[in-house]
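This report concerns only the one structure given below.
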Amino acid sequence: MTRHVVAPSAEIAPGSRKLVNVAGRSIGIFNLGGEFFALLNRCPHQGGSLCLGEQVGLVLSEEPGQYCYSRPREMLRCPWHGWEFDIRTGQSWCDPKRMRTKSYPVTVEPGEALVKGPYQADIFPVSIEADYVVIDL
């Protein structure tokens, strides 16, 4: 699995999102109260730009006329046909047994750790001989 740095965490405020392009894929990064989640920006229903949809809450009902609103802004409604997906899991609420959108793992890491990285430059001994710089390989 290849890792990609997509944005400073401060650039995606709680309750907001950012669309990024990673390896040819459009991906939406969502900040839900300091937790970050990533979804493919493609509705599995008919291919709409899912991550441009409205963030809504979850509405549940045990009987007609009564409903419970919870999880504000944790559901994503496709702008084409209104199908809703759980931002945390990618699971569809219209057809939960068969449909979900692709979700990706997200981590927030200190910049210092990313700058160091697993990379090391080759080092070669250098000397000066009669006004010439000489590198030993």
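The values are calculated or read from the model by the stated rules, or taken from the named source; none is laboratory data. Here the structure is a predicted model, which is why all the values come from computation and not from measurement. Cβ sites come from the backbone with ideal geometry, for glycine too, and all protein chains shown count toward neighbours.
For segment 78-137, the candidate set comprises residues that are part of a strand (DSSP E or B) and modelled with pLDDT under 80; within that set, the residue that is farthest from LYS18 (Cα to Cα) is GLU129. Within segment 36-56, being surrounded by 13 or more Cβ atoms within 10 Å (Cβ to Cβ) and in a strand (DSSP E or B) holds for PHE36, PHE37, ALA38, LEU39, LEU40, GLN55, VAL56. Here is a check on your reading of the model: is SER16 surrounded by 12 or more Cβ atoms within 10 Å (Cβ to Cβ) and farther than 19 Å from SER70 by Cα? Considered against the rule, which asks whether it is surrounded by 12 or more Cβ atoms within 10 Å (Cβ to Cβ) and farther than 19 Å from SER70 by Cα, SER16 comes out as no. Of all residues in segment 59-87, those satisfying the criterion of being touching a residue at least 12 places away in the same chain (Cβ under 8 Å) and either touching a Phe, Trp or Tyr at 6+ places or on another chain (Cβ under 6 Å) or at positive phi (or both) are ARG71, ARG73, LEU76, GLU84, ILE87. Hey, does segment 22-33 have a residue that's farther than 25 Å from PRO96 by Cα and of a type in the set (A, V, I, L, M)? So far as segment 22-33 goes, yes, one or more of its residues are farther than 25 Å from PRO96 by Cα and of a type in the set (A, V, I, L, M).
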